[in-house]
Structures are given as C-alpha cells and as structure tokens.
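The values are calculated or read from the model by the stated rules, or taken from the named source; none is laboratory data. Fair warning: this is a prediction, and the values are worked out from it, not measured in the lab. No Cβ is skipped: glycine too gets one built from the backbone with ideal geometry, and neighbour counts run over all protein chains shown.
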Amino acid sequence: MAFEHPAKKGGQGRLGRFEKLAELASNFTSSPAFSVFCVLLVAGFVAVRLAHLDTGWQHLFGDAIGAVALLLLALLKNSERRAEHAIQRKLDAIAAALLEQYEGEPGRAQRELAEAIGIEDGE
C-alpha cells in the first residue's frame, strides 16, 4: 500500500487495477440505475421505520445506507485526486509550451501540450 499522491505514481496514461475499478464504479454511481437503487434503499428504510418493524430491520437498512455513503465518499475522493492530477499535468504542459514559445524553440513541450489537452479521453 502506497501513501504517495497519485500525481507522483505511474506514468502517463497507465491505469492500475484500482484506478480501473474506481473508474467503473464512478461510472456506475453516476447512472440512473444507481440513483434508483439509492431511492429504493431510502424508501425501504422509511417504510421499515413507519411500519414499526423489528429494530434489526432498521439497523440493516441504516447500515446499508452508511456503507453506501462510505463507498461514495471514497469514490468521490478518488475522482477528485484524478481530476487534480489531470489539471496539474495540463497546467505543466501549458507552462512548458509557453516557455518554449517565449524562447522561440517550439518542440517537445508543444507535443506534450497536445497530449495533455486530450488527457481525459485516456483516463
């Protein structure tokens, strides 16, 4: 387990197993199907409370809601880190390209800028 910032890890365009899983989970949690699941989960919790069922059922639904909330928090943080990394890479590429242009030597930084502009397509 590494505790370094994702911007310090790996090369450009490389996604590990966790990043791929996080991307798939992020896509699923932004889907209408997941929204329906959450509404049904909350509706089930409210129905159990209103029906005055056994506290075991109330705890089951409450624990399920808590688990979903915790997973969504982890996905949100992962998504935030990936977006932060992508923005930083774009800013670095822009700065390098501007410096090259200022010095009158267009080259590598211009190509890196072109790659950075399309960075979301690969991540």
| remark: Listed by first then second residue, the pairs whose first member lies in the stretch 58-81 and is closer than 18 Å to VAL39 by Cβ and in a helix (DSSP H, G or I), whose partner is modelled with pLDDT of 85 or more and among the polar types (S, T, N, Q), with beta carbons under 7 Å and at least 6 positions apart or on separate chains, are LEU72/THR29
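Can you confirm whether ALA67 is modelled with pLDDT of 85 or more and surrounded by fewer than 12 Cβ atoms within 10 Å (Cβ to Cβ)?
Details: modelled with pLDDT of 85 or more: yes; surrounded by fewer than 12 Cβ atoms within 10 Å (Cβ to Cβ): yes.
Spelling it out, ALA67 is indeed modelled with pLDDT of 85 or more and surrounded by fewer than 12 Cβ atoms within 10 Å (Cβ to Cβ).
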| Name the residues in the stretch 8-33 that are among the hydrophobic types (A, V, I, L, M, F, W, C) and either part of a loop (DSSP other than H, G, I, E, B) or at pLDDT below 90 (or both), would you? | LEU15, PHE18, LEU21, ALA22, LEU24, ALA25, PHE28
| Can you find a residue in the stretch 22-43 that is among the charged types (D, E, K, R) and farther than 15 Å from ALA74 by Cβ? | no
| field | Which numbered condition GLN58 misses (of (1) out of contact with any Leu (no Cβ under 7 Å at 6 or more places or on another chain); (2) at pLDDT 90 or above; (3) surrounded by 13 or more Cβ atoms within 10 Å (Cβ to Cβ)) | value | (2)
